[in-house]
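Novice: Have a look at this one.
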Amino acid sequence: MTHRYENTYIDAVRSHAGECFVNACVEAFRRWACSVYSPGRTLTVALSGGTTPEPFYRALARGVFVKDDASKAFDVCDESGRKIPSDAIRWFQTDERCVPTGYPESNQRMIREALFNPEENRPGPNSAMFHGVLVDIGDHLFAAQKYEQVFREFVPGSPVPSFDLILLGVGEDGHIASLFPGTESQIIPGRLFQSVEVSKLGTRRFTMTPLILEAARLVVIMAAGPHKADVVENLLAGRAPELPAARLIARRPVVWWLDNLK
């Protein structure tokens, strides 16, 4: 595959599919966390909604985190055995649907059930460190403003907070977070998080804006399954520069987590 963008890197998970792909993504996340964490530091990670990352979240909750002697978790094991302190990461959302958190369509509900409900009583990440979009406020404008304030309170960086990692999916139409084709004109300059009207879906969504996506220390785009093959091929070959995903990867480095797309 020919890559147009010099700042695009495909992580070493391309040959895997299904459970192997998910496990490779978990290992990639663990390696990343071990490489950037230091005692006393809190990492900031924003999570995508949708169906692609859900198995990854479920696998991440099992056997990767540790509660006992968490301050030494990265020091007492070798490279392959290191685990992540359960309080080491603050978690956020990249986007959300305008539905109550109890609805099946809620990204926040999916993330809570997948990542913060570990099986077999194994230590998972601390659910108190998860900051979900405040959709139950009811007013979408106020909810977006309040969530932007949460970013500014907990994520270092000025004037634009810089997440340690933002995990994105990509839609068949090239959307990332809830930045769908055609929503560009709705983005308010200087905003980090806002609501947009997605006309093709006949609904409103909450989303991170390009401003905060571009400011992150690391952006990962995860794509899996044959239905994503065409859009990934076109994005990496630079054949769809108008798509939201293409605009992002043209402006900053990204890492792709890809299965064999078959």
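Novice: Please state the charge dipole magnitude for region 136-177, taken about the Cα centre, from unit charges on C-beta atoms (+1 on K and R, -1 on D and E), reported in debye and rounded to the nearest 20.
Specialist: Rounded to the nearest 20 debye, it is 200 debye.
Novice: With the crude spin-label approximation of a point 7 Å out along Cα→Cβ, what separation in nm comes out for GLU19 versus SER185?
Specialist: About 5.0 nm separates the two model spin labels.
Novice: Does region 121-229 come out rounded, prolate or oblate by the C-alpha gyration tensor, with a ≥ b ≥ c the root eigenvalues, rounded set by a/c under 1.5 and, if not, prolate when a/b is larger than b/c and oblate if not?
Specialist: Rounded shape, in that the Cα axes give a/c under 1.5.
Novice: Also: Where the centroid of each part is defined by its Cα atoms, how far is region 136-155 from region 168-221 in Å?
Specialist: For region 136-155 versus region 168-221, the Cα centre distance is 16 Å.
Novice: Non-local amide H neighbours of THR203 (under 5 Å, H modeled in plane, Pro and chain starts lacking H): which ones?
Specialist: Those qualifying (amide H under 5 Å, at least 5 residues apart or on another chain) are VAL198.
Novice: Continuing with this model, one more query. Mind checking the dipole of region 8-258: about its Cα centre, +1 per Lys or Arg Cβ, -1 per Asp or Glu Cβ, Debye to the nearest 20?
Specialist: 320
Novice: Now for a different question. Where both residues lie in region 190-262, what percent of DSSP beta bridges are antiparallel, nearest 5?
Specialist: Around 60 percent antiparallel, to the nearest 5.
Novice: Let me ask something else. List the residues whose amide H sits under 5 Å from the amide H of GLY169, counting only those 5 or more places along or on another chain, with H placed 1.01 Å from N in the peptide plane.
Specialist: Long-range HN contacts for GLY169: ALA177, MET222.
Novice: Run the numbers on region 8-258 and let me know its relative contact order in percent, using alpha-carbon pairs under 8 Å that are six or more apart.
Specialist: Relative CO of region 8-258 lands at 22 percent.
Novice: Further, regarding this structure: Tell me which residues come under 5 Å, amide H to amide H, from PHE130 once H is placed; ignore anything under 5 positions away on its chain.
Specialist: When sequence neighbours closer than 5 places are left aside, the close amide H contacts are TRP91.
Novice: Right, next: Of all DSSP beta bridges located in region 8-258, what percent are antiparallel, nearest 5?
Specialist: Beta bridges within region 8-258, antiparallel portion: roughly 30 percent.
Novice: Using θ = phi - 60° and the Karplus curve 6.51 cos²θ - 1.76 cosθ + 1.60, what whole-Hz ³J(HN,Hα) does each residue of region 163-180 get, with Gly and Pro shown as x?
Specialist: 5, 5, 8, 10, 9, 10, x, 9, x, 4, 8, x, 7, 10, 6, 10, 8, 8
Readers should treat all values here as calculations from the given coordinates under stated rules, not as data from a laboratory. Bear in mind that the values here come from a model prediction, so they are computed numbers and not experimental data. Note that each Cβ is placed from the backbone with ideal geometry, even for glycine, and that neighbours are counted across all protein chains shown.
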